[in-house]
Structure formats: C-alpha cells, structure tokens
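Asks: Following this message is one structure expressed as structure tokens.
The values are calculated or read from the model by the stated rules, or taken from the named source; none is laboratory data. Note that the structure is predicted; figures quoted are calculated from it, not measured. Using ideal geometry, Cβ is built from the backbone for each residue, glycine included, and neighbour counts are taken over all protein chains shown.
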Amino acid sequence: MKYLTGKRKNQTTNNETNDMTNRRSFIRRTATVLGSLALHQNFADAFPMPKPRPFQPDPQTPEDDFWRQIRSAFAASPNVINLNNGGVSPAPRATMDALDYYNRMCCEAPSYYMWRILDDDREPLRYNLAKLAGVSHDEIAINRNSTEALNTIIFGLDLKAGDEVVLSKYDYPNMINAWRQREKRDGIRLVWVDLDLPSEDENYLANAFVSRFSEKTKVVHLTHIINWNGQILPVRKIADRAHERGIEVLVDGAHSFALLDYKIPDLGCDYWSTSLHKWLCGPFGSGLMWIKKEKIPGIWPLLSNDKPDGENIRKFETLGTRSFPTEMAIGYSLDLHNFIGTHRKQQRLHYLKNYWMEQVRDLPGIRFFTSLHPDWGCAIGNFGFEGKKSADLAGRLFTDWKIHTTSIDWEKVNGVRVTPNVYTTTDELDKLVAGIRKMAS
C-alpha cells in the first residue's frame, strides 16, 4: 500500500473534507426547502430539479444522496426503525406544517375560513389529484380513506336478491364485512375466490376469478395489491374478461396508488378507491374515490344528498363538518410525490424490498409470502419461519432491535410484513437482515 506524504497528503485530505462539507451543505439546504416551504408556494419553482436519472441501486452513487435528501423531508425517528408503512405512512414535514397552519387559520374564524375559503380550495386539489390518477376531475371525490369510498360504492350499487358478487378471501376485512352486510340485508350471494400465494402466474391468478363468474355475477371485487403480503393482481386481464360478460369491476387501490406507476384507466375498472395516507404520505384520514363518469348516477351516496341520483361526483362529499386542514395539507404530500416521480418511487421501493429479501432467502427454514419479481411485488415483503409464530418474530424484532413491523396471520399467510418507504435507508434494512439472521440461528 502506498502512503501519501507532505503536500499531496494534505491536499487529498482537504479535498475529501471539502467534498464532505459540500455534500452535507447540499443535503442541509435541501432539507430546509423540503421541510419548510412557504405555504401556497409552487414546489417546482422553489426547488427546481433536472429530470430524474434512471434509478441506479448503488449506495456509492449520487442516487443514494437523493434518497437521503428525501429522508430529510420526513421526521423519521432515529430510535425506532419504522417498517410498517403499509399500515399508514408518515406525512412529510411540509405537510405537517401545512396541517398546523390551516388548523390555526380555521380556529381564528371557523365558519368563515372553512366554508367560504377552504371549501373552494378543494377544487384545485381535486384537479391535481385527478392529473396524477389520469382521470377527469369530475370523476373523483375526496374523502377519508379506502374503507369509506368502497363502502359508498358497495352500498350504493343497485343489487337485488340472487345477484352474485365475486371476491377474494384475501380482500381487506372492512370490505369483506361490507359485502357480508349486503348479503345479510339484501340477499345477494357472495362467491369466494381462494388463492395460493405468492404467485407469478398471470393465467392462474386471472382464472381464479374468471372461473367463478356466472350468468348471475354482477360485480367482481379486486384488490390491486393484497395488503397481507404485497401480491399484485392482474387487474386489467380480469377486468377485460369481466366486461365481456357485462360484469362491473370494483378495485381496491389502497396499496397501489402513488406506488405503482399506472393511471386508473389502465386498470379497465368501473369503480376505484385509495387511501392517501399510505403511499402518497398524505395526512391521516385522507382518501380518494373514482367512479367512471357514466356510472356516477347509478351509485347512491352513503350519506344523504339533495340529488342522490345525480351525475355530480360531489354528491359523495356531503359529510357535514369535515377536516378542511387535512384536505388542504394533501397538496403538500402530492408536491413531494411529484418531485420524486411515481416511476422512480416504484423502482426504489421494489429495490428496497428485494435488498433485504435477497440477503436472507437462503436461511434455513425461511419462507417468503411475497414475490421478488417486479411484476408481482413492490414495497411490501412478508417472511416467516417454519414452526415459528409470526407474532413472536415481529415481537422479537422490536424488542431486540427496535424494528417496527406487523405480524400477519390471515388465511395461508403466516409471516411478518415488512414495508419500507422512501425515507428508509439501506443501513436500516441491514439491521433488519442482521435481526432475521439472528432469529434463524
């Protein structure tokens, strides 16, 4: 090994120091912009950025610097490693600041600021969300979460006794319960689809639903990304087969919006919903519902409206007094998402999922409930060990390493669900890998 001496050594040391100083200064300036944008300021003007480069999963490249800048936009805990973003994601600092700002504004003169100012500001937000979703702003309603949106559609559909609905045992419990309530109240018939997961077989996944269609089938309920293990379903293929038979398609997009790079029309569905406090990182209790324009008159609102059979999508927003600050703060999460870009985010989160899974895949007794293929899995990963309870594994991860995950015991999935987000670092995932290896031994 050659050792540097004299002037050359000092020059190299100074260059390294300057590089580190410049890097830290850049990240610090970026954090200031991302975390403290003036309200109502255009994000792109405040922080211009060249078109994102193709993603390069190398921690030594500038790409890693980019994601550390994004981390600085969040108040991520330095003590607890949060790997349960699939449940609910934290909002960025700018969103929290906006939420506080609008709350204080409303409290100065509530009925004036809420009903005369912020109520009108929902329209620009509606337009911006519709642009990201690739649909008309007259087709989306802003509400509180996927459960509210899907319940609105499920109870608003004109179904009668004997009509059949095809759905999966892996759908979200609130949606299963909504359909069971309609079954009990209205006499509709639920036709269940069972699945062996994970699967990378498009034909198997599609036929599991299509084979359950009959002349009495009126609706098929599809979960775009299954929350238990991150399985992506071939929604478009199923939807096309359903429409050939005159069957309507309802999609639960709670885990796919602002994560997978798609537009709603790409799915070929009739009805769709999402929760904005998941991958968009919006304020808690924010959601979105989309109904194809010509279908709006046929859906009755869950809450009363003076024109319940009208064609105005806003008939689904008559909630009474609501959290206007929450709605207004959504825009700041949307700004950060657009700054990153959906495609770039999807690539990063798929990379993070595979980053930890690939390092533990050969451990004795380990089992994955999630595919490593980009077409069939993205951010969500799920693992388990033969003969070990998922709750015990998740408990040990937190007790020994302060890694927050969630245990899943649903149907044939019995494992620990791990969901990083854009602020998650590979250093944190290295600790997860060390923890899993320790539990395996």
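Asks: With the condition kept exactly as written, say whether any residue in segment 256-267 is more than 11 Å from the chain's Cα centre (by Cα), under 20 Å from residue 165 (Cα atoms), of a type in the set (A, V, I, L, M, F, W, C) and in the same structural domain as residue 169 (by TED's automatic domain parsing).
Replies: Keep residues of segment 256-267 that are more than 11 Å from the chain's Cα centre (by Cα), which gives 261-267.
From what is left, the residues that are under 20 Å from residue 165 (Cα atoms) are 267.
Then keep just the ones that are of a type in the set (A, V, I, L, M, F, W, C); that gives 267.
So of that shortlist, the ones also in the same structural domain as residue 169 (by TED's automatic domain parsing) come out as 267.
Yes, the conditions are met somewhere in segment 256-267.
Asks: Of all residues in segment 356-374, which are aliphatic (A, V, I, L, M), assigned to a loop (DSSP other than H, G, I, E, B) and under 19 Å from residue 421 (Cα atoms)? I'd like the intermediate steps shown before the answer.
Replies: Let us first name the residues in segment 356-374 that are aliphatic (A, V, I, L, M), namely 357, 360, 363, 366, 372.
Subsequent filtering for residues that are assigned to a loop (DSSP other than H, G, I, E, B) retains 363, 372.
Across segment 356-374, the qualifying residue is only 372.
Asks: Please enumerate the residues belonging to segment 248-261 that are at negative phi and touching a residue at least 60 places away in the same chain (Cβ under 8 Å).
Replies: Matches in segment 248-261: 248, 250, 252, 253, 254, 255, 257, 259, 260, 261.
Asks: Has segment 306-324 got at least one residue that is acidic (Asp, Glu) and closer than 18 Å to residue 88 by Cα? Break it down stepwise before answering.
Replies: Our first condition is that a residue be acidic (Asp, Glu); within segment 306-324, this holds for 306, 309, 311, 317.
Filter again for closer than 18 Å to residue 88 by Cα, leaving none.
The answer is no, given that none of the residues of segment 306-324 is acidic (Asp, Glu) and closer than 18 Å to residue 88 by Cα.
Asks: Sticking with this one: I need the full set of residues from segment 311-353 which are of a type outside the set (Val, Ile, Thr), assigned by TED's automatic domain parsing to the domain that holds residue 124 and farther than 22 Å from residue 133 by Cβ, in order please.
Replies: Answer for segment 311-353, where residues must be of a type outside the set (Val, Ile, Thr), assigned by TED's automatic domain parsing to the domain that holds residue 124 and farther than 22 Å from residue 133 by Cβ: 320, 325.
Asks: Checking residue 387 against (1) over 26 Å from residue 224 (Cα atoms); (2) assigned to a helix (DSSP H, G or I); (3) not assigned by TED's automatic domain parsing to the domain that holds residue 126: exactly one of these is not met. Which one?
Replies: (2)
Asks: Looking at (1) at pLDDT 95 or above; (2) over 26 Å from the mean Cα position of the chain (by Cα); (3) over 16 Å from residue 300 (Cβ atoms), which is the only condition residue 185 fails?
Replies: (3)
Asks: Can residue 197 be described as of a type outside the set (D, E, K, R), assigned by TED's automatic domain parsing to the domain that holds residue 285 and closer than 29 Å to residue 343 by Cα? First the steps, then the outcome.
Replies: Numbers: of a type outside the set (D, E, K, R): yes; assigned by TED's automatic domain parsing to the domain that holds residue 285: yes; closer than 29 Å to residue 343 by Cα: yes.
Yes, satisfied.
Asks: Further question on the same structure: Among the candidates 207, 229, 203, single out the residue that is farther than 18 Å from residue 272 by Cβ, touching a residue at least 60 places away in the same chain (Cβ under 8 Å) and not assigned by TED's automatic domain parsing to the domain that holds residue 405. Spell out how you get there, then give the answer.
Replies: Values: 207 fails: touching a residue at least 60 places away in the same chain (Cβ under 8 Å); 203 fails: touching a residue at least 60 places away in the same chain (Cβ under 8 Å).
Just one listed residue meets the conditions, 229.
Asks: Can you tell me which of (1) part of a helix (DSSP H, G or I); (2) of a type outside the set (Asp, Glu); (3) more than 28 Å from residue 199 (Cα to Cα) is the one residue 301 doesn't meet?
Replies: Among (1) part of a helix (DSSP H, G or I); (2) of a type outside the set (Asp, Glu); (3) more than 28 Å from residue 199 (Cα to Cα), residue 301 violates only (1).
Asks: Turning to a different aspect of this structure: Sort out which residues of segment 148-184 are exposed (fewer than 13 other Cβ atoms within 10 Å of the Cβ) and touching a helix residue (DSSP H, G or I) at 6+ places or on another chain (Cβ under 9 Å), and write them in order of number.
Replies: Answer for segment 148-184, where residues must be exposed (fewer than 13 other Cβ atoms within 10 Å of the Cβ) and touching a helix residue (DSSP H, G or I) at 6+ places or on another chain (Cβ under 9 Å): 158, 160, 161, 169.
Asks: Among the strands (runs of 3 or more DSSP E) confined wholly to segment 167-259, which include 2 or more residues that are under 28 Å from residue 284 (Cα atoms)? Lay out the reasoning, then the answer.
Replies: Values: elements: 189-193, 217-223, 248-252.
Per the criteria, 217-223, 248-252.
Asks: Moving to a separate point now. Would you be able to say whether some residue in segment 364-373 is out of contact with any Pro (no Cβ under 7 Å at 6 or more places or on another chain) and either buried (at least 21 other Cβ atoms within 10 Å of the Cβ) or hydroxyl-bearing (Ser, Thr, Tyr) (or both)?
Replies: no
Asks: Can I ask one more? Looking only at segment 398-412, how many residues end up being assigned to a loop (DSSP other than H, G, I, E, B) and within 15 Å of residue 370 (Cβ to Cβ)? Steps first, please.
Replies: Within segment 398-412, the subset assigned to a loop (DSSP other than H, G, I, E, B) is 402, 405, 411-412.
Now restrict to residues that are within 15 Å of residue 370 (Cβ to Cβ): 405, 411-412.
Number of matching residues: 3.
Asks: Let me ask something additional. Which one of 307, 345, 295, 353 is of a type in the set (D, E, K, R) and not in a helix (DSSP H, G or I)? It would help to see each step written out before you state the result.
Replies: Values: 345 fails: not in a helix (DSSP H, G or I); 295 fails: not in a helix (DSSP H, G or I); 353 fails: not in a helix (DSSP H, G or I).
Unique residue meeting the criteria: 307.
Asks: Only one of 395, 415, 377, 435 is touching a strand residue (DSSP E or B) at 6+ places or on another chain (Cβ under 7 Å), in a helix (DSSP H, G or I) and either small (Gly, Ala, Ser) or assigned by TED's automatic domain parsing to the domain that holds residue 234 (or both); which?
Replies: Details: 395 fails: touching a strand residue (DSSP E or B) at 6+ places or on another chain (Cβ under 7 Å); 415 fails: in a helix (DSSP H, G or I); 377 fails: in a helix (DSSP H, G or I).
Just a single option satisfies the conditions, and that option is 435.
Asks: Could you list, in sequence order, all residues of segment 418-432 that are hydrophobic (A, V, I, L, M, F, W, C) and not in a loop (DSSP other than H, G, I, E, B)? Before you say what the answer is, go through the steps one by one.
Replies: The initial filter retains those residues of segment 418-432 that are hydrophobic (A, V, I, L, M, F, W, C), namely 418, 422, 429, 432.
Those that are hydrophobic (A, V, I, L, M, F, W, C) and not in a loop (DSSP other than H, G, I, E, B): 418, 429, 432.
Asks: Could you list all residues from segment 316-366 that are of a type in the set (A, V, I, L, M) and either in contact with an Asp or Glu (Cβ under 6 Å, 6 or more places away or on another chain) or in contact (Cβ under 8 Å) with a residue 40 or more places away in the chain (or both)? Explain how you work it out, then say what you get.
Replies: Taking segment 316-366 and keeping what is of a type in the set (A, V, I, L, M), we get 319, 328-330, 334, 336, 340, 349, 352, 357, 360, 363, 366.
Matches in segment 316-366: 319, 328, 329, 330, 334, 336, 340, 349, 352, 360, 363, 366.
Asks: For segment 112-140: of the residues being in contact with a Ser or Thr (Cβ under 8 Å, 6 or more places away or on another chain) and in contact (Cβ under 8 Å) with a residue 40 or more places away in the chain, which is surrounded by the fewest Cβ atoms within 10 Å (Cβ to Cβ)?
Replies: 132
Asks: Are any of the residues in segment 119-134 in a helix (DSSP H, G or I) and in contact with a Cys (Cβ under 9 Å, 6 or more places away or on another chain)?
Replies: Filtering segment 119-134 down to residues in a helix (DSSP H, G or I) leaves 119-133.
With in contact with a Cys (Cβ under 9 Å, 6 or more places away or on another chain) added as a condition, the list becomes none.
Checked segment 119-134: no residue is in a helix (DSSP H, G or I) and in contact with a Cys (Cβ under 9 Å, 6 or more places away or on another chain).
Asks: Moving on to the next point. Test each condition in (1) out of contact with any Phe, Trp or Tyr (no Cβ under 6 Å at 6 or more places or on another chain); (2) buried (at least 20 other Cβ atoms within 10 Å of the Cβ); (3) not assigned by TED's automatic domain parsing to the domain that holds residue 219 for residue 145 and report the one that comes out false.
Replies: The single condition residue 145 does not satisfy is (3).
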